[in-house]
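Participant: Pasting a structure below so you can have a look.
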Amino acid sequence: MAASPFDTHDVDNQPPEFAARDLWADDAALREGVEREGAAVFADRLRAYGQLAGGELLRLSFDAHRDRPRLRTHDRFGHRLDLVEFHPNYHAVMAAAIEHGVAGLSWQGVQSGSHVARAVLSYLHGQVEPGSSCPLTMTHAAVPVLRREAALKEWADKACAPHYDPRDVPIASKHGVTLGMGMTEKQGGSDVRANTTRAVPLPGTDEYTLVGHKWFFSAPMSDGFLVLAQAPGGLTCFLMPRWRPDGARNAFRLMRLKDKLGDWSNASSEIEFDGAWAHRLGDEGRGIATIIEMVMLTRLDCMLGSSALMRMALAQALHHARHRRAFGKRLDEHALMQNVLADLAIEAEAALALSLRVARAVDRAPTDTGEAAFARIATAIGKFWICKRTPAFVNEAQECLGGAGYVEESLLPRLYRQAPLNSIWEGSGNIQCLDVLRACSREPETRTALMDELEAASGMHAALDAQIASLRHALSDLGDAEAGARFLVERVALALQASVLLRAGSPVADAFCRSRLAGNHGLVFGTLPGDAGFSALMARALPD
Ligand SMILES: Cc1cc2nc3c(=O)[nH]c(=O)nc-3n(C[C@H](O)[C@H](O)[C@H](O)COP(=O)(O)OP(=O)(O)OC[C@H]3O[C@@H](n4cnc5c(N)ncnc54)[C@H](O)[C@@H]3O)c2cc1C
């Protein structure tokens with residue numbers, strides 16, 4: 001019993017601080033996934049980042065989040081600045097992430113498994129400072145689009161370089177740059193064809209001037225942005241830098257920062273373009289086709305980011321339940337609490353397993369058409385399902401801490417505020433489901449890749465076999481499927497997660513199939529069958 005400096009009471013029955021955890025060593029499912037999905041060669045780098053993230057970066061993250069970014073439109077003399085000021089911890093976190101490859105590892109040389117390894121870095125980072133994951137993922141995802149333009153090689157090279165430089169100076173003076181993305185306008189975000197921002201060509205060049213706005217524009221202090229605007233030939237993608245090539249400030253203005261539910265360490269702005277200089281990327285009229293390569297990667301990071309929030313929330317819940325007593329025993333010794341914790345552990349592992357499987361498909365896509373097709377469809381499926389599960393998951397983990405989980409110091413409120421975001425941006429839930437239908441109808445190779453992936457686990461669990469048979473039928477005729485798309489994609493997602501877990505030989509696979517596929521589960525977490533093996537599931541999720 002700890003002695004208290006006050007004489008009114010003893011402070012008792014409180015858990016020890018959750019601090020300086022090794023996020024790599026703690027996470028058996030992660031280490032197995034890295035091995036399984038072909039990134040074992042990166043294990044030392046990943047271990048190092050897991051230790052750093054769970055220790056120093058977690059410590060830095062509190063002020064980076066609490067002291068929210070501030071917009072500075074002008075200096076004191078009235079000159080426009082259009083800058084965002086951050087707490088120094090934000091920059092420290094960004095520097096560590098970029099130096100360790102969270103934004104660039106996939107593109108630093110050609111090495112099998114590098115996408116999986118970068119995905120793991122993103123997952124580790126997202127557990128401790130998810131706000132900064134936004135500029136990191138956009139920087140990472142912009143690289144393949146920039147690489148398509150020989151004239152923009154310097155941008156591509158500096159976006160994947162392990163150097164963070166937050167100075168507001170032209171990129172010629174920098175060794176590393178960050179990128180943002182501007183698609184959403186006031187009159188429409190999901191339907192980007194409704195964009196009204198105009199792009200006027202400068203004769204005889206690939207250069208344009210932009211006039212218009214963006215309604216959501218995150219990380220506006222980035223060095224450059226991939227934006228969509230209407231050129232004479234239709235919706236087109238552009239690189240719009242902060243500084244023009246002639247050394248002048250580019251003609252855009254930050255109007256205000258969004259006052260957001262969560263994601264506080266990340267700045268999200270409204271912006272206006274007043275003749276802003278931009279370089280065309282891809283052909284006029286091919287804007288969506290050009291930027292989709294970036295969006296596919298940011299959607300994968302939504303899956304990873306939500307898996308990360310689940311993981312950190314689960315770790316907090318387990319830690320608390322192991323050290324808090326109620327009604328004569330530890331919380332994690334009560335059967336009903338065990339059911340909740342074990343159920344959360346299954347969900348978190350399934351989310352991570354599917355995310356890493358998709359990362360491997362991205363890795364192999366350049367040389368394997370089946371994997372490319374699988375990545376195409378599984379990204380939409382996973383983005384919908386994993387991100388949709390996260391708010392309820394984090395709330396359940398929060399409840400495991402009782403009242404403490406509603407108090408800011410516990411970390412859970414921060415995770416809870418962050419939890420809905422991944423399902424909203426980068427294409428909301430309905431948009432993902434419609435995308436799955438579109439892929440199945442217009443790109444039949446994606447449906448083939450999906451069924452191949454499911455059938456790779458045929459015969460391993462009766463519940464999955466039954467689901468595969470049902471889905472084969474459902475996916476063969478999608479003529480009238482729109483209204484039922486959510487239910488269909490949910491079932492596909494569960495079957496996919498089951499297929500990955502079963503082939504991985506995961507100890508959670510049987511309980512996952514019995515609860516999520518065979519119907520032995522309610523609508524809330526904590527409704528596993530009583531013989532699911534709670535203790536083993538909890539022990540696997542976090543070492544005691
Ligand atoms: C914090 C934050 C940061 C952001 N940062 C950026 C950024 O940096 N760059 C950027 O470009 N955007 C950014 N966004 C915008 C985000 O991507 C959009 O908000 C999102 O894509 C949805 O677009 P919308 O807000 O226009 O909603 P709408 O398109 O109006 O959609 C509203 C709802 O209708 C649903 N819906 C739309 N069409 C259909 C349909 N055909 N059938 C059924 N349902 C449909 C959607 O799923 C959604 O649930 C950010 C958003 C947030 C919250």
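The values are calculated or read from the model by the stated rules, or taken from the named source; none is laboratory data. It should be emphasised that the depicted structure is a prediction, and the values quoted were computed from it without experimental measurement. Please note: Cβ atoms are built from the backbone with ideal geometry, for glycine as well, and neighbour counts cover all protein chains shown. Areas reflect the complete protein model, heavy atoms only, side chains present, ligands, DNA and RNA absent. Shrake-Rupley method; radii C 1.70, N 1.55, O 1.52, S 1.80 Å.
Participant: What would the Debye formula give as log10 I(q)/I(0) at q = 0.06, 0.08, 0.12, 0.13 Å⁻¹ for the alpha-carbon point model of the chain, no solvent?
Facilitator: Scattering profile of the chain, log10 relative to I(0): -0.29, -0.52, -1.13, -1.31.
Participant: Where both residues lie in the chain, what percent of DSSP beta bridges are antiparallel, nearest 5?
Facilitator: In the chain, DSSP labels about 90 percent of beta bridges as antiparallel.
Participant: With all protein chains present, how much of the accessible area of the chain (probe radius 1.4 Å) comes from carbon and sulfur, to the nearest whole percent?
Facilitator: 53
Participant: Report, in debye and to the nearest 20, how large the dipole of the stretch 143-182 comes out about its Cα centre when Lys and Arg carry +1 and Asp and Glu carry -1 on their Cβ.
Facilitator: 80
Participant: Once Lys and Arg get +1 and Asp and Glu get -1 on their Cβ, which of 16, 133, 150 lies farthest toward the positive end of the dipole of the chain?
Facilitator: Positive-end residue among those listed: 150.
Participant: When the Kirkwood radius is taken over all Cα pairs of the stretch 301-344, what Stokes-Einstein diffusion coefficient follows at 37 °C and 0.692 mPa s, in µm²/s?
Facilitator: 293
Participant: Could you calculate the FRET efficiency of residue 11 with residue 163 from 1/(1 + (r/R0)^6), where r is the beta carbon distance between them and R0 is 41 Å, rounded to 0.05?
Facilitator: Rounded to the nearest 0.05, the efficiency is 0.35.
Participant: Any of 158/186; 214/258; 260/383 with alpha carbons more than 23 Å apart? Name them for me.
Facilitator: Checking Cα-Cα distances, 158/186 exceed 23 Å.
Participant: Once the whole set of protein chains is in place, how much accessible area is left on residue 477, using a 1.4 Å probe, in Å² to the nearest 10?
Facilitator: Accessible area, nearest 10 Å²: 110 Å².
Participant: Can you give the extra length, in nm with one decimal, that the chain gains between residue 535 and residue 198 once fully stretched, where that is 0.36 nm per residue apart less the Cα-Cα distance?
Facilitator: Length gained between residue 535 and residue 198: 115.3 nm.
Participant: What do you get for Rg/Rh of the stretch 439-544 when both radii come from the Cα atoms and Rh is the Kirkwood radius?
Facilitator: Over the Cα atoms of the stretch 439-544, Rg/Rh equals 1.02.
Participant: Could I ask something else about it? How much accessible area per residue does the stretch 396-544 have, in Å², with a 1.4 Å probe?
Facilitator: For the stretch 396-544, the solvent-accessible area averages 44 Å² per residue.
Participant: Could you tell me the distance between the Cα centroids of the stretch 190-257 and the stretch 160-188, to the nearest Å?
Facilitator: The stretch 190-257 and the stretch 160-188 have Cα centres spaced 13 Å from each other.
Participant: Set the Förster radius R0 to 25 Å, insert the Cβ-Cβ distance between residue 45 and residue 368 as r into 1/(1 + (r/R0)^6), and round the FRET efficiency to 0.05.
Facilitator: 0.50
Participant: Next up: By how many nm would the segment from residue 187 to residue 442 grow when fully extended, if each residue of separation counts as 0.36 nm and the alpha-carbon distance is taken off?
Facilitator: 89.0 nm
Participant: With angles folded into 0 to 90 degrees, how steeply does helix 462-476 sit against the dominant principal axis of the chain? Use alpha carbons for both and round to 10.
Facilitator: Roughly 30 degrees between the two axes.
Participant: Sort 132, 470 from largest to smallest accessible area, using a 1.4 Å probe on the heavy atoms of the protein chains.
Facilitator: Output order, biggest surface exposure first: 470, 132.
Participant: For the pair residue 456 and residue 249, how long in nm is the line joining their label points, each one 7 Å along Cα→Cβ?
Facilitator: 5.2
Participant: If you place +1 on the Cβ of every Lys and Arg and -1 on the Cβ of every Asp and Glu, how big does the dipole about the Cα centre of the chain come out, in debye to the nearest 20?
Facilitator: Dipole magnitude for the chain comes out near 740 debye.
Participant: For residue 445, what accessible surface area do you get with a 1.4 Å probe? Give it in Å², rounded to 10.
Facilitator: Counting only protein heavy atoms, residue 445 exposes about 100 Å² to solvent.
Participant: Specify which residue in the list 390, 424, 361 is farthest towards the positive end of the charge dipole of the stretch 345-427, using unit charges on the beta carbon of Lys, Arg (+1) and Asp, Glu (-1), about the Cα centre.
Facilitator: The listed residue farthest towards the positive side: 361.
Participant: Return the distance in nm (one decimal) between the two label points of a simple spin-label model at residue 22 and residue 261, each offset 7 Å from Cα along Cα→Cβ.
Facilitator: In this crude spin-label approximation the distance works out to 3.7 nm.
Participant: Do any GluC sites (Glu not before Pro) in the stretch 1-71 lie in a loop, going by DSSP, with at most 14 other beta-carbon atoms within 10 Å of their beta carbon, and if so which?
Facilitator: 17
Participant: Once the Cβ-Cβ distance between residue 527 and residue 59 is put in as r, and R0 is 25 Å, what FRET efficiency do you end up with, to the nearest 0.05?
Facilitator: The pair residue 527/residue 59 has a calculated efficiency of 0.10.
Participant: Got a sec? What order do 346, 424, 171 fall in by accessible area at 1.4 Å, biggest, i.e. largest, first?
Facilitator: Highest to lowest solvent-accessible surface, that is 424, 171, 346.
Participant: Along the charge dipole of the chain, which of 519, 478, 219 sits closest to the positive end, that is, farthest toward it, with unit charges on the beta carbon of Lys, Arg, Asp and Glu (+1, +1, -1, -1)?
Facilitator: So the residue furthest toward the plus end is 219.
Participant: How much accessible area does residue 175 have with a 1.4 Å probe, in Å² rounded to the nearest 10?
Facilitator: Number for this one is 140 Å².
Participant: Still on this structure, I have one more. Could you order 521, 279 so the one with the most accessible surface comes first? Probe is 1.4 Å.
Facilitator: Putting 521, 279 in descending order of accessible area: 521, 279.
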